[in-house]
Amino acid sequence: MKNKINKSNLWHKKKTVVLTVIVALVVFTLIGGVLLFSVAKVRYYNEAANQSGLVQVRELILLAVRGLKKDAPIDARTGDVYFPESKLYLPNPGTALPLTYLYDTGDVTNSQGELSISTYPVRGTEALYIARTQENLFAAIPKLQSCSRGIKLVYQKFPDNDTENELRHTIVLNNGKELHIYLEKGCPELTETADLFKNLRVY
């Protein structure tokens, strides 16, 4: 009889231990799940806050670049694009993106005049929009700057040792002057646009 009671007590103790272990495992699993969920949510909210900051910085950068150039006037009747300060125009190029420009007259000491042309929105900005960190965002800025400078129209060739620009075309304008069309090597996205300037004319 005593043996039966001991066996019954032993079975009861084993059952209690097993149930305690199972309950503890379930509780630890639930706590672990809640902790993992909480960590994931905190990471999500931190990433959302970081992205919000990145969006503001990106928009300020794009706004600053946008402010460097002005839109080239377009003749509503013909679609011709004009660059008034340089007295040049491009017969209707049929481009989807508006052209922007900056005319630099150069200085007396060491520089020639230059017409710098790009598009708006600036090509090559995709990396800024997909950047997930500040490092990625700032790493994309040199490309943005290159595409913002874009196409350069000059009357005197750049030096042969110029590593930033590629001579795309040399054309003779309708006033007899020779014009050189350069493209920043860092922005091949503007190659097709640069090729349009073979039709450039003086007015």
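Tell me the residue from Leu167, Leu153 that is free of Cβ contacts under 8 Å to residues at least 60 places away in the same chain and assigned to a strand (DSSP E or B), please. The unique qualifying residue is Leu167.
The residue that is surrounded by the most Cβ atoms within 10 Å (Cβ to Cβ), counting only those in the stretch 142-198 that are under 26 Å from Leu128 (Cα atoms) and polar (S, T, N, Q), is Ser148.
Give the residues of the stretch 64-103 that are part of a loop (DSSP other than H, G, I, E, B) and charged (D, E, K, R), sorted by residue number. Scanning the stretch 64-103 gives Lys69, Asp75, Arg77, Asp80, Lys87. Is it the case, given these coordinates, that Lys87 is in contact (Cβ under 8 Å) with a residue 60 or more places away in the chain, closer than 19 Å to Ile181 by Cα, basic (Lys, Arg) and surrounded by fewer than 14 Cβ atoms within 10 Å (Cβ to Cβ)? Taking the combined requirement at face value, the residue satisfies it.
Each reported figure results from applying straightforward, stated rules to the coordinates on display, with no laboratory input. Computed from a predicted structure; not experimentally measured. We place every Cβ from the backbone using ideal geometry, glycine too, and count neighbours over all the protein chains shown.
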